[in-house]
Amino acid sequence: QLFFSFFKTLVGKEVIIELKNDLSICGTLHSVDQYLNMKLLDISVTDQDRFPHMLSVKNCFIRGSVVRYVHLPSEHVDTQLLQDATRKEIASNKK
């Protein structure tokens, strides 16, 4: 729930999603759901030589279970808000 809420604040921002098969996709985050499935618009692939079949793809849906990392723009990450939300979630789980 915490990460879902966090990723919803990044809708409209540029992110890089690295998949478990080593494919890294850069694009604008269009939507995210509770399973952390994500839809990206205006995508580009960082390693075009290795994944030439992705050159014609402009938008894509990424299943949350295949995501290894999400690289975020640091200027859009409110670390204080994230720390506070994490503390609240831990406190509510202890009850």
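Some values worked out for this structure:
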item	result
Ser31 versus Thr86: modelled label distance in nm, points set 7 Å from Cα along the beta carbon direction	3.0 nm
GNM result for the chain, Cα springs below 10 Å: residue of Leu81, Leu40, Leu29 fluctuating most strongly	Leu81
Sequence of Glu75, Glu14, Glu89 when ordered by accessible area, the most exposed leading, probe 1.4 angstrom	Glu75, Glu14, Glu89
DSSP-defined beta bridges in the chain - what % are antiparallel, rounded to 5	100 percent
Rounded to the nearest 20 debye, dipole of the range 23-90 from Cβ charges on Lys, Arg, Asp, Glu	240 debye
With Cα atoms, 0 to 90° folded angle of helix 79-94 axis to the chain main axis	60 degrees
Selection from Ala91, Phe61, Ser44 lying farthest towards where the dipole of the range 37-95 points positive, charges on Cβ	Ala91
Within straight-line cross-link reach of Lys20, lysines at Cα separation under 20 Å, skipping those fewer than 8 residues along the same chain	Lys39
Cα gyration tensor shape of the range 18-67, rounded if a/c is under 1.5, else prolate or oblate by comparing a/b with b/c	oblate
The chain - percent relative contact order, Cα under 8 Å, separation 6 or more	27 percent
Protection-proxy order for peptides 19-26, 51-58, each taking the mean of Cβ atoms within 10 Å per residue, highest first	19-26, 51-58
Residue-by-residue Karplus 3J(HN,Hα) for the range 7-14, coefficients 6.51, -1.76, 1.60, Hz, glycine and proline x	5, 5, 6, 9, 4, x, 9, 7
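The values are calculated or read from the model by the stated rules, or taken from the named source; none is laboratory data. Keep in mind it's a predicted model, so treat the numbers as computed, not measured. Every residue, glycine among them, receives a Cβ derived from its backbone with ideal geometry; neighbour counts consider all protein chains shown. Accessible surface is based on the protein model in full, side chains and every heavy atom, while ligands, DNA and RNA are left aside. Shrake-Rupley method; radii C 1.70, N 1.55, O 1.52, S 1.80 Å.
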